[in-house]
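Got a structure for you, questions after.
The values are calculated or read from the model by the stated rules, or taken from the named source; none is laboratory data. Just so it is clear, the model here is predicted, and its values are computed rather than measured. Heads up, the Cβs are rebuilt from the backbone with ideal geometry, glycines too, and the neighbour counts pull from every protein chain shown.
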There are 2 protein chains.
Amino acid sequence: MKFATYHDGSRDGQLWIVSRDLRSAVPATGIASSLLAAIEDWDSVAPRLAEVYERLNNHTEPFATRFEPERCLAPMPRSPQWLDASAFLNHGDLMDKAFNHPPKPDVKTIPLVYQGASDDFRGPLADVEFPDDAMMIDMEGEFGVILAPVAMGATADKALEQVRLIVQINDWSLRAVGPQEMRSGFGFIQAKPSTSFAPVAITPDELGPHWAEGRVALQLHVEINGRRVGDANGQEMHFSFGQIIAHCVRSRRLSAGTIVGSGTVSNVDRAAGSSCISEIRVIELLDQGQARTPFLTWGDRVRMEARMPDGSTPFGVIDQKVVQA
Amino acid sequence: MKFATYHDGSRDGQLWIVSRDLRSAVPATGIASSLLAAIEDWDSVAPRLAEVYERLNNHTEPFATRFEPERCLAPMPRSPQWLDASAFLNHGDLMDKAFNHPPKPDVKTIPLVYQGASDDFRGPLADVEFPDDAMMIDMEGEFGVILAPVAMGATADKALEQVRLIVQINDWSLRAVGPQEMRSGFGFIQAKPSTSFAPVAITPDELGPHWAEGRVALQLHVEINGRRVGDANGQEMHFSFGQIIAHCVRSRRLSAGTIVGSGTVSNVDRAAGSSCISEIRVIELLDQGQARTPFLTWGDRVRMEARMPDGSTPFGVIDQKVVQA
C-alpha cells in the first residue's frame, strides 16, 4: 500500500491512499484520520485500507482523484520519535576525514544514532528555511522506516517485524555547527533543522526483492540545481534497520509511529556519487587537493528520488528550494 | 493555575484542573481534552480554565473531587519535543571530573542541550523499568518548562514569553553507557530512558517571586530510600530558560507543547547536597578517596519534591520504585 498526507490545516494532516503508480488517490475518510492514527491501530485498519488500495489500482474506486504531490505534507508531519542512524560506513569514513575526527573504534559493532526533532517535518515540495547560509547548508539523502510499537529489549529480528512503512528522507544538516555539537557529546540541536520527506510512504511488500535483509536495495538519485550528484544504493547499509532498532530499544520502548532513518546513503564505489555535499567536498579534497562544490545557498534546489529498476519512483520526489528564514 | 493528567486509557490522558493546595481537582471536560490540546489552543482555553481554577480554590466548584496523584500520568504524557539542557555549571564540572572529561572551553557561553525521547514519559508514582542494573541506574532532579510555539531565531526575552507551564522532572540516566554515547558525538540514546514527571504542571505566576530571571528559585528536596541526599536550589542555573530556548531555535522552530529541561539542579555549596548519584559519588571520591554511594538497584525508591519556603510542594511529589523490565 501507499499513503500520503494532504495539508488540511490540522497538525497531523489528512490521510490519503495513493495508487501504486502514484497517478490517483482517495482520502481514507472513515478509516483513519491521519497516518499516525492508522499506525496506532494498524491491525484493525490495514485490511480496510487494503480494500480501497485495491480498488484504486483496479480503477474501480469511485472517489479517486488525480494524486497531487503539491498538496502533500510529510507522510507523517509529526511523529512520536525520530531516531536517525549513520549506518553507511563509507559515509562515516568520509565525514571523519572531512572533520579530522579520529576513526571510531566500535564503528562496525555499535550503530551510531542520534535523536532528532520529530514535531515539525517538511513536505516534499515545500521551500526549506534556514537562518544563515554561512551555517554551511547540506543535505543527507536517506531511507527510513515507520514502526508499530517495539518493546524494550527486542532483538533485531523481532524489531524488523515491526516495520510497517518505508519512507525517503532528506535530513538537512548545518555543517558549520555540527562539529562543535559533536565535541560537546550531547549530539545535534542546531546542526539538524527540520527534516524533509518524499510524499509517499509505502508498505515493504511494494519493493518486492528490493526490501531485503532489513535494507532498501534501491538507488537514490540526487540532483543539485538539475545536476546529478549521486545514485548510491541503499543495499550497502552496514547495520540493518532491525539492528539499528534493537540498539535503540535496549533501555526504552518505541511508540507506534516512531521513524528510524538509515543515515546518508553512501557507496564505496566512487562512480555512485554522493547523497550529501560534505562527501562530495571531501572526495574533491582527497582527489584534487581542493573542495570545489559549494554548500547550498538561497535559491538552490535539491531533488531526490529513489528509483526502481524500471525507472519508477516508489516514494515520489523531493524537490525543494533553499530560502532564507 | 495547576494541571494534572489522569490515566484514561488514551495516549494523551485526561486533563484535570487541580486546586492550588493540591487537595481537590476537576476534569477540564468541555474545555480541553488533554494538556497538549490546551497548550495548542492556550489563548482561547486559558480564560475558561482560569474560571474553573478560581471555583476550585474558592470551594465553589460543584464537581470537585479529592486530587488523586496515584491516578496521574506525567502532566503531558507525550510531547512534541523534549530538549534537556545541562545548565548548572557545578553539575557539569563534577560530571567532567567523574568521567575524566577535559573541561569544555565554551561551557559558559554555549548551552549544552540534548534531544530526548518525548513519546513515553512516566507518571510520578509509576514503577520505573530498566533492563539491567549493571547499567548504573541514576536519577537527575530537574525543573522544566512547557512552551507555546517559539519562532526560529527568537531572542532569549521573546523565548521566555512563550513559557506557559513549569514542571518538575527526574531525567533517569544510565551511567554505564553515557560516556560511550558522548564519545560518539551523536548524544544519548540508551543512556537516557523514559523521563519521569511530578504530577502537577503549574503556571509561572504560582511561584510568585520564586520564578525569577527565567529560573525556578526553589529547593529540590531529593531522597533515596528515605535518606535525604539533596536540597539544591534552582536559582543557581547559569543559563536561563530563555537563553536555553534561544539556543535551540537558532535553526528550528518549536511546536506548542515542547518541554525544555534545566539539567540536574546543582549548587556550588556542598551543604546543598546533590540531585544525582554521580555527583554524590564524585564528591565522595574527591573528599574521601572512594565513591561509597551505590547506583540504584531493584526495589530502590527515589523521592523528589520542590518545596516552597512554607514547606508546600507546588508540583506534588515524584516517588518511584526501580524495577527490572
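Kindly check whether there is at least one residue in the range B:286-303 that is under 19 Å from the mean Cα position of the chain (by Cα) and of a type in the set (Gly, Ala, Ser).
no
I would also like to ask the following. Answer yes or no as to whether B:Gly144 is crowded, with 24+ Cβ neighbours inside 10 Å and more than 28 Å from B:Ala4 (Cβ to Cβ).
In short, no.
A further question on this structure: State which residue is nearest to A:Asp205 (Cα to Cα) when the search covers only the range A:1-30 and only residues that are basic (Lys, Arg) and in a loop (DSSP other than H, G, I, E, B).
So, considering only residues that are basic (Lys, Arg) and in a loop (DSSP other than H, G, I, E, B), the one nearest to A:Asp205 (Cα to Cα) is A:Arg20.
Same structure again: Which number in (1) surrounded by 22 or more Cβ atoms within 10 Å (Cβ to Cβ); (2) within 20 Å of B:Ile169 (Cβ to Cβ); (3) in contact with a Leu (Cβ under 9 Å, 6 or more places away or on another chain) marks the one condition that B:His91 misses?
(3)
Next question. With the range B:31-147 as the region, which strands (runs of 3 or more DSSP E) entirely inside it contain at least 1 residues that are within 14 Å of chain A (Cβ to nearest Cβ) and acidic (Asp, Glu)?
B:82-85, B:128-130
Select from the range A:151-174 the residues that are facing chain B (nearest Cβ under 8 Å) and in a loop (DSSP other than H, G, I, E, B) and write down the one among them that is nearest to B:Ser86 (Cα to Cα).
Top of the filtered list is A:Met152.
Let me ask another. Sort out which residues of the range B:3-47 are in contact with a helix residue (DSSP H, G or I) (Cβ under 8 Å, 6 or more places away or on another chain) and among the basic types (Lys, Arg), and write them in order of number.
Those that are in contact with a helix residue (DSSP H, G or I) (Cβ under 8 Å, 6 or more places away or on another chain) and among the basic types (Lys, Arg): B:Arg11, B:Arg20.
Would you be able to say whether some residue in the range A:164-174 is surrounded by fewer than 23 Cβ atoms within 10 Å (Cβ to Cβ) and farther than 16 Å from B:Arg252 by Cβ?
Yes, the range A:164-174 has at least one match.
Residues are listed down the side, and each one gets a yes or a no for (1) in the same structural domain as B:Ile224 (by TED's automatic domain parsing); (2) under 27 Å from B:Glu213 (Cβ atoms); (3) over 13 Å from the mean Cα position of the chain (by Cα):
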| position | (1), (2), (3) |
| --- | --- |
| B:Gly144 | yes, yes, no |
| B:Leu147 | yes, yes, yes |
| B:Val150 | yes, yes, yes |
| B:Ala154 | yes, yes, yes |
| B:Asp157 | yes, yes, yes |
| B:Val167 | yes, yes, no |
| B:Leu174 | yes, no, yes |
| B:Ser184 | yes, no, yes |
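Here's a follow-up. Could you check how many residues of the range A:187-228 are within 28 Å of A:Gln14 (Cα to Cα) and not β-branched (Val, Ile, Thr)? So that I can check it myself, show each step before the final result.
Initially, the range A:187-228 is screened for residues within 28 Å of A:Gln14 (Cα to Cα), giving A:192-208, A:211, A:216, A:220.
Then drop every residue that is not not β-branched (Val, Ile, Thr), which leaves A:192-194, A:196-199, A:201, A:204-208, A:211, A:220.
The qualifying residues number 15.
Go through the residues of the range B:45-60 one by one and say whether even a single one is surrounded by fewer than 19 Cβ atoms within 10 Å (Cβ to Cβ), more than 23 Å from the chain's Cα centre (by Cα) and acidic (Asp, Glu).
Yes, the range B:45-60 contains a residue that is surrounded by fewer than 19 Cβ atoms within 10 Å (Cβ to Cβ), more than 23 Å from the chain's Cα centre (by Cα) and acidic (Asp, Glu).
Of the residues B:Ser184, B:Ser194, only one is hydroxyl-bearing (Ser, Thr, Tyr) and at pLDDT below 95; which?
Selected residue: B:Ser184, the only one of B:Ser184, B:Ser194 that is hydroxyl-bearing (Ser, Thr, Tyr) and at pLDDT below 95.
Does the range B:48-64 include one or more residues that are closer than 21 Å to B:Gly144 by Cα, in contact with a helix residue (DSSP H, G or I) (Cβ under 6 Å, 6 or more places away or on another chain) and touching a residue at least 12 places away in the same chain (Cβ under 8 Å)?
No, the range B:48-64 contains no residue that is closer than 21 Å to B:Gly144 by Cα, in contact with a helix residue (DSSP H, G or I) (Cβ under 6 Å, 6 or more places away or on another chain) and touching a residue at least 12 places away in the same chain (Cβ under 8 Å).
Given the conditions (1) part of a helix (DSSP H, G or I); (2) buried (at least 22 other Cβ atoms within 10 Å of the Cβ), report the number of the one that A:Val302 does not fulfil.
(1)
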